[in-house]
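A.B. asks: Dropping a structure here in structure tokens format, bear with me for questions.
The values are calculated or read from the model by the stated rules, or taken from the named source; none is laboratory data. Bear in mind the structure is a predicted one, so any value in this text is a computation, not a measurement. Positions of Cβ are generated from backbone atoms using ideal geometry, with glycine treated the same way; all protein chains shown enter the neighbour counts.
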Amino acid sequence: MTKITVKAALAAIRATGCTAGRTLDGEYRVNLPGAGEGPAYYTHDAADAIGTAQDMARRAGLVSPVERAAQPAQVGPDFQVDDQGSLVLFEPVSQRAKAFVQAFIAVPDYAWLGRRFAVEHGLADDLLIGITGNGLTVA
């Protein structure tokens, strides 16, 4: 079995669209782009780090830089957002947005209003930061 070099492991993780790094004690750190510490994953095993990055990217609907270059440009935003005062309505428009909602946002059934879901105004800014921090667009 061939040992994976640190450089190759970090390149493989980044190729999934996730961020990659190493801690001072040599652990690999895998995370979603722009995400806080919550979803970060730490391991000493390079193969585990790569597998986790692939799983994170798939669940988040991320597209690797190579795949992104081969795809036609997306037309329109991933989310339509409508500020209604005390509530903000979010409509996941693109497939990436729908996959992101399914993987990372626990939307209760009662919050769905047709194709949109309602969020209290005080929580909407944090949700927007998470959406845009993961490379999704908002209109």
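A.B. asks: Are there any pairs with C-beta distances below 6 angstrom linking a residue in segment 42-64 that is within 16 Å of residue 19 (Cβ to Cβ) to a residue that is assigned to a loop (DSSP other than H, G, I, E, B) and of a type in the set (Asp, Glu), with the two at least 6 apart or on different chains, and if so which?
C.D. replies: Here the result reads 42/27, each pair linking segment 42-64 to a residue that is assigned to a loop (DSSP other than H, G, I, E, B) and of a type in the set (Asp, Glu).
A.B. asks: Just one of 51, 61 is outside the structural domain of residue 122 (by TED's automatic domain parsing), under 21 Å from residue 134 (Cβ atoms) and at pLDDT below 85; which is it?
C.D. replies: 61
A.B. asks: Here's something else I'd like to know. Would you call residue 49 over 19 Å from residue 104 (Cβ atoms) and surrounded by 18 or more Cβ atoms within 10 Å (Cβ to Cβ)? Before you say what the answer is, go through the steps one by one.
C.D. replies: On the way: over 19 Å from residue 104 (Cβ atoms): yes; surrounded by 18 or more Cβ atoms within 10 Å (Cβ to Cβ): yes.
It is true that residue 49 is over 19 Å from residue 104 (Cβ atoms) and surrounded by 18 or more Cβ atoms within 10 Å (Cβ to Cβ).
A.B. asks: Name the residue, out of 73, 97, that is modelled with pLDDT of 85 or more and not assigned by TED's automatic domain parsing to the domain that holds residue 12. Break it down into steps so the answer makes sense when it comes.
C.D. replies: Details: 73 fails: modelled with pLDDT of 85 or more.
The unique qualifying residue is 97.
A.B. asks: Still on this structure: Within segment 15-41, can you find the residues that are in contact (Cβ under 8 Å) with a residue 12 or more places away in the chain and surrounded by fewer than 19 Cβ atoms within 10 Å (Cβ to Cβ)? Steps first, please.
C.D. replies: First, pick out the residues of segment 15-41 that are in contact (Cβ under 8 Å) with a residue 12 or more places away in the chain: 15-20, 22-23, 26-35, 39, 41.
Across segment 15-41, the qualifying residues are 15, 19, 22, 23, 26, 27, 29, 33, 34, 35, 39, 41.
A.B. asks: Hey, among the residues in segment 18-42 that are part of a loop (DSSP other than H, G, I, E, B) and among the charged types (D, E, K, R), which one's modelled with the lowest pLDDT?
C.D. replies: 37
A.B. asks: Is there a residue in segment 113-127 that is within 20 Å of residue 35 (Cα to Cα) and touching a Lys or Arg at 6+ places or on another chain (Cβ under 7 Å)?
C.D. replies: Checked segment 113-127: no residue is within 20 Å of residue 35 (Cα to Cα) and touching a Lys or Arg at 6+ places or on another chain (Cβ under 7 Å).
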